[in-house]
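Structure first, commentary second.
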Amino acid sequence: MSKISSGWIQGVNSVRNPWLLPDNQFKWGVNVTVRGGLIQTRPGHKMQLSLPSGNFQGGIFFASNKQKDAPVTQNINGVITLTPAKIFDVNGNGIVADELNYMVFAVDGNVYYSPFPLVQPSNWEDYRLKNIKLSADVDQFCFTLATKSANLTTGSQEFSTPSHRIVLIQDGISYPAYWDGSDKVGTQTSTIPVGYWMAYSGNRLWIANKNIVLASDLGDPTSYQERATGTSRGDFSFSRPVTGMVSYVGQDTSTRLIVFTDRSTFQLKSNVFDRTLWVTTENFQSTLYPSVGCIAGKSIAFQAGQMWWYSQNGLITTDPAATAYLSSQVLCKDLEMARTKRLITSDATKICAIGFENYLLYSVPFMQTLNSDTMVLDYAAASEWGENRNPAWCGVWTGTRPVEWTTGIIGGQSRCFHFSVDYSATNDGSYNHLWESFQPERVDSYLQINPDKTTTTLYNRIYSQFETPLLGDQMDLKQFKYAEIECTQIGGTVDVEVSYRGSKGNYNSILKKRLLAVTDNYQWDNTPYEEQIRDLGLLNTQYRRLITESAQRNSLLSTCESRLTDDVDKAFSLLIEWCGEFGVEVIRLFMDPWMEKSTGAPQGDETQSCVVSQNGESLTIDLLPNPYEQQSPNNKSWSAKVFKTTTLNCNINPSQSISATASASFLSYISFEHAQEEAGILALQAATSAAQQFKAQNPC
């Protein structure tokens, strides 16, 4: 008999029993995508910069657009000329451009910038904003983009300056800092209140300082005069410290500020521009979810028109605009990722996330203090026209350890980046790197810093893993024979290993193979075959059908979970691992029936303890007797019965009194004296209670 599995359009499901998975799901994936039901190597990560070494504290993409010179139209002798507007560059000069793009980041309390196109500098000190110095000890900073559009007055003339963007930075301790791209020094000022989480909403900058949220002047995120002199201070108090804030535009196009604590979610109607109306606006401050909060401020992301964040119980998504019609049921959306979720470390406050294209990515601390695994949800499966499907989990992407994700549009192209504290340092000694994700090449590239400070790009094939469901009908035992795998999207050199296992035991290798596919120029440039291959034109990725070896019967391949060898079970799954560009289209397992006698077989008690690891390896050991199943070695007990008398004086006639006597028994496993002591306490309590009751009924 054979069993076929293909079309895994609904992705990973590690919470359900792998024997009960539907045909369009699989058990687990590492560094793969699932679009079109094809399992293939994820897009590549490209290291763009090696950053200064030290305590990396976060970063953001920033597009500066502060105007230096306004456009000028002149009519000279009937000839109309237009001088376009200019914006500042970091040298204070005017540049004809719509915006200038930078990466802004912090290491050891210092803030740096890197202009696009990104080029590794020979000395990062030349790109440090000299007037900004924040705490070197804070783990992470909060970076926020805002727009400044305040009026300027010169003499008797008042005019409105064109709005321009600024990036603001808070560490929760130092004076806040900001930069507008017009200089190389930045600004650190005491006029902005100290806080941590920030969000720009309703043309104001909102700052959270512990459990207080306050707002800037309208149109100027660097000014807070309205708060001090106006009729409404606009400081809002919450029950617990704020753990994140974000601006959200609802279905009615009104802007709201969403404020999170670790246990609850609130909103402020930031679309009310007139500060004096805040006190009279109905439900200006209101509760969205009284029992659902956010534990990681950088986990707030948007995808498919919905807001996502990480709560104490897991990944949450909802539409705040529809809150008025929402039931009290708010469910976690990451149950299928149970294999990773259950081993997230207790401190999950540094989880970070991004929505990009149709992907939603959540970097989480899996068995480490840093974010070692990125859980990937693909909405492409839910986006196909005419298909009623849910988004699909791809599993996890590994290789880097993202601290912060950021996106930007550069040259009309949307691009996705992440700052990472990596496993290995580049040869300049730094573990801090900037990577660009979603590269068209399915290979990772990194930088080698040469002695002359130039860089060389090196490449790594991506390790990927695909674990199928348990395949097999009903409970009848079967013997695994071999498997066939239809492979596609093969490029370059690929090393493949295929292993099988049943519902127990560990994986047993049945195929190791290297595939060689010429698909890229670097493989044939400057070779004797260059002209011949060039004549072929564009090269395709390739196809192979892999047939594994037959499983070998081996009595040593067994587990303490069963008397049967590993090749006999009710169902089997494959683990396919590879390095390189590779995809899996269809798998087919071949199994033979395993004859069983239709008679009962009573079995005796197990005499040794069975130990099984997560990957299925097992051993048997002799443990000491279970303390929960043993009787106490001290079987001796003592019993005592004690009489006690108590006397209460009368209130009306103090010369009279009321007495009561009671007895009590107690069984002790410690000593006879202990039994007497406890019995005496109980007897005295009973006698006192009886005397008080009689006195209440018969006042004296």
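A few comments on the model shown:
- Direction-averaged projected area, Cα convex hull, the range 398-466: 5.9 nm², rounded to one decimal.
- The slack in the chain from residue 347 to residue 539, taken as 0.36 nm per residue of separation less the alpha-carbon distance, amounts to 64.3 nm.
- When peptides 489-497, 512-520, 679-687, 373-381 are sorted by average Cβ neighbour count within 10 Å, with the highest value leading, the order is 373-381, 489-497, 679-687, 512-520.
- Cross-link reach list, lysines versus residue 644, counting only Cα pairs under 26 Å and skipping chain neighbours closer than eight places: 695
- Estimated at 0.36 nm per residue, the fully extended path between residue 486 and residue 692 surpasses their Cα-Cα distance by 65.4 nm.
- Packing order of peptides 208-216, 280-288, highest average first: 208-216, 280-288 (average count of other Cβ atoms within 10 Å over each peptide's residues).
- For the peptides 440-448, 466-474, the ranking by packing is 466-474, 440-448, with the highest mean count of neighbouring Cβ atoms within 10 Å listed first.
- For a 4.7 Å threshold on C-beta separation, the list of partnerless cysteines in the chain reads 142, 294, 332, 352, 394, 416, 487, 579.
- Using a probe of 1.4 angstrom and keeping all protein chains present, the accessible surface of the chain works out to 50 square angstrom per residue.
- Computed extension gain for residue 653 through residue 594, at 0.36 nm per residue and net of the alpha carbon distance, reaches 11.7 nm.
- Carbon + sulfur, % of accessible area of the chain - ligands and nucleic acids excluded, 1.4 Å: 49
- Relative contact order [Cα under 8 Å, 6+ residues apart], the chain, whole percent: 13
- A crude spin-label estimate for the pair residue 610 and residue 530, with each label 7 Å from Cα along the Cβ direction, gives 6.3 nm.
- Trypsin sites (Lys or Arg not before Pro) restricted to the range 75-144 and DSSP loop, no more than 13 other C-beta within 10 Å: 130
- Restricting the chymotrypsin sites (Phe, Trp or Tyr not before Pro) of the range 525-577 to loop positions (DSSP other than H, G, I, E, B) with no more than 13 neighbouring Cβ atoms within 10 Å leaves 529.
- Taking the helices alone, the chain has a mean residue ellipticity at 222 nm of -2000 deg cm²/dmol, built from -39,500 (n - 2.57) per DSSP H run of at least 4 residues and averaged over all its residues.
- Cβ-based net charge around residue 663, under 11 Å, with every Lys or Arg adding one and every Asp or Glu removing one: +2
- Restricting the calculation to Cα atoms, every distinct pair contributes to the Kirkwood radius of the chain, found to be 31.1 Å.
The values are calculated or read from the model by the stated rules, or taken from the named source; none is laboratory data. Everything numeric in this text was worked out from a predicted model, so none of it was measured. Reconstructed Cβ throughout: ideal geometry from the backbone, glycine too, with neighbour counts over all protein chains shown. The protein model used for the area step is the full one, side chains on, heavy atoms only, and it has no ligands, DNA or RNA in it. Shrake-Rupley method; radii C 1.70, N 1.55, O 1.52, S 1.80 Å.
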